[in-house]
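**Student:** Here you go, one structure.
Only the coordinates and a few stated rules stand behind these numbers; no lab work does. These figures come from a predicted structure and were not determined experimentally.
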Amino acid sequence: MKIKRLWIPGCLIWIAALMFWSSPAWTDDFDRLRADASRIKTMQADFTQKKSMKILSKPLLSEGRFYFAAPDSIRWEYIRPLKSAVISSQGETKRYMASGGRMVEDTGSGVLAMGIVLDEVAGWMSGRFDANPSFRASLRNEKTMAFITLTPVGEGMAGIMQRIEIAVSRSDATVKTVRMIESDTAETLIEFRNVRINEALPDGVFRDVR
């Protein structure tokens, strides 16, 4: 169960890499996606996460901030309703949880699993969307939107996620929504906003946690 909980946030982080494809001329060529994604050096954005399950009377809502710096530095931070942060930089991954009015480092075994996930996320951020043999990647274009779908091909991953769907605007090349279908009765919807690309990141963003 712990790996399942960690995988979902990890899956979310890489989606931001698609937010600013520089070319409005969409193709089915994943080589082109890698070329476009390689131009992203830094990224920061707000996000809203809505977790829906059949057993819940209403969705669980969370808000947070995301930061990325090429080639492999990532910060995924939840702000509301509970504060937590995962930081992966220079080959080291740390997780922090709010406790007693301050952020405390989590040194449990789950941190290692998060490090493995975020290493793969860094590869996705570089545009290698179709490189993971555990997923089959497809790209579909419509009049105003482009859709990327990742479908698990192995039994192990299929038990965690049915598929991931990303809706991208063709007018401004920004991701509008990310929908992760975990099962027939559970899914997670992510919406990104206030996206800023290739701007200076806050000092210590991959080091300091308050």
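**Student:** Residue by residue through the range 182-191, which ³J(HN,Hα) values in whole Hz follow from phi under the Karplus form 6.51 cos²θ - 1.76 cosθ + 1.60 (θ = phi - 60°), with glycine and proline marked x?
**Tutor:** Whole-Hz 3J(HN,Hα) from phi for the range 182-191: 7, 7, 5, 10, 8, 8, 10, 10, 10, 10.
**Student:** Of 54/176; 51/83; 51/176; 41/94; 94/176, which ones are farther than 20 Å apart at the Cα?
**Tutor:** 54/176; 41/94; 94/176
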